[in-house]
Amino acid sequence: MDLPESHPRYQSLLLRERVAIGVEMGITSLIGLIAHGRGEAFDYLLGERTIPSAHRAEVVGVAALLLADHPVISVNGNAVALAADDLIALGDALGAGIEVNIFYHSEERRERIIRYLEERGAGELYVGSDARIPGLAHNRGVVDSHGIYAADTVLVPLEDGDRCSALKRMGKTVVAIDLNPLSRTARTADVTIVDNIVRAVPEMRSLVEEFASKGRSELEEMLEDYDNRRALADALDEITRHLSESL
Ligand code: PTJ
C-alpha cells in the first residue's frame, strides 16, 4: 500500500500494514489481526506514547533480564511481524536466545518464523520441541528444553494469559509487553510494560547499553520498590487523563 507519510495516522497505518504483510507471508496468524486491533485501541487511548510508568517498567524489565542467569525472549507471529529486527538486536545485547512460541499452533508457521528470523540474522535461536510447560494443552505447551523451559527469566511480548500464568507457576520471572493493562498477562507478569512493542523493544535495547557498566547491586537496586499493580493502575489513570484532555 502506498501510504503518504504526511497522513496524520501514518505510523499507525504502517503498523497495520506490517501485521497484514506478516499474515500474507504466513508468519502471523489471521487472528493476529484482531489482537493487533485491540493493541492499537489501547495505544490510541494511551496517546501512542511511552507513559512514565511504562518507561520505569522498561528499566526494571531490562535490569531483571540482565540479572538473569538464563534469559530467553519468546516471540510469536505478531511480535515478529512488528519488531523482528529490534527483538534480534535486544537478544544480542542481552545475550538472550530467542524462541518461537506460538499460540495458534501450526508447525508450518513456526518454521516460517524461524526461517524469517534466521534470514534477518538472529543469533541464538531455540528451535527444539522436546519439553513441555506443565498445565497447558498439548501443542501450546511444547517448548525447547534449553530455551523457555530452562529459562529463569522470560520476556513475553503480546503473550496469552494462560501461558503467562503457566510460566509463573514454573517459578520463572516474567517480563511482559502488553498494551492492555487489564489483560490477564498484564496482571500476572512480574513486570508489565504497558507500551507498544515497536517503542518498548528499541528502548530496552538502548537501556541494555546504558546499563552495561552497572554492577549487580546497582541493577538489583533498580528492582527495589517496583510494584507492578501500581504500574497498571497508573496506566489506567493515564488513559483517563489522556481522554479527558482530548475532548
Ligand atoms: O502468533 P501466535 O499464534 O502466537 O498468536 C499471537 C497472538 C497475539 C494473536 C496471540 O498470542 C493472542 O491472541 O494474544 P491475545 O490474547 O490477543 O493477547 C495479545 C495482547 O497483546 C493483547 O492484550 C493486546 O492488547 C496486546 N497487543 C497487541 N498489539 C500490541 C500489544 N501489546 C504491545 N504492542 C502491540 N503492538
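Here are some notes:
- Looking across the stretch 4-46 at every residue that is more than 12 Å from the ligand (Cβ to nearest atom) and assigned to a loop (DSSP other than H, G, I, E, B), the one that is surrounded by the most Cβ atoms within 10 Å (Cβ to Cβ) is identified as MET25.
- Any hit, the stretch 37-60, residues being closer than 25 Å to ALA150 by Cβ, without any contact (Cβ under 8 Å) to a residue 40 or more places away in the chain and of a type in the set (Gly, Ala, Ser): no
- Residue list for the stretch 194-231, restricted to those being more than 13 Å from GLY61 (Cα to Cα) and hydrophobic (A, V, I, L, M, F, W, C): ILE197, VAL198, ALA212
- Here ALA57 meets the list (1) within 27 Å of SER244 (Cα to Cα); (2) away from the ligand (no atom under 13 Å from the Cβ); (3) in contact with a strand residue (DSSP E or B) (Cβ under 9 Å, 6 or more places away or on another chain) almost entirely, failing just condition (2).
- Failed item, numbered, when TYR149 is tested on (1) of a type outside the set (Val, Ile, Thr); (2) more than 13 Å from the ligand (Cβ to nearest atom); (3) assigned to a helix (DSSP H, G or I): (3)
- The stretch 133-157, subset open to solvent by 30 Å² or more (accessible area, probe 1.4 Å) and hydrophobic (A, V, I, L, M, F, W, C), residue modelled with the lowest pLDDT: ALA137
- Taking the stretch 158-224 and the helices (runs of 4 or more DSSP H) fully enclosed by it, the elements with 1 or more residues that are crowded, with 21+ Cβ neighbours inside 10 Å and in contact with a Gly (Cβ under 9 Å, 6 or more places away or on another chain) are at 161-169, 184-188, 197-210.
The values are calculated or read from the model by the stated rules, or taken from the named source; none is laboratory data. It should be emphasised that the depicted structure is a prediction, and the values quoted were computed from it without experimental measurement. So basically every Cβ, Gly included, is an ideal-geometry build from the backbone, and we count neighbours across all protein chains shown. These accessible areas exclude ligands, DNA and RNA; they are computed on the full protein's heavy atoms, side chains included. Shrake-Rupley method; radii C 1.70, N 1.55, O 1.52, S 1.80 Å.
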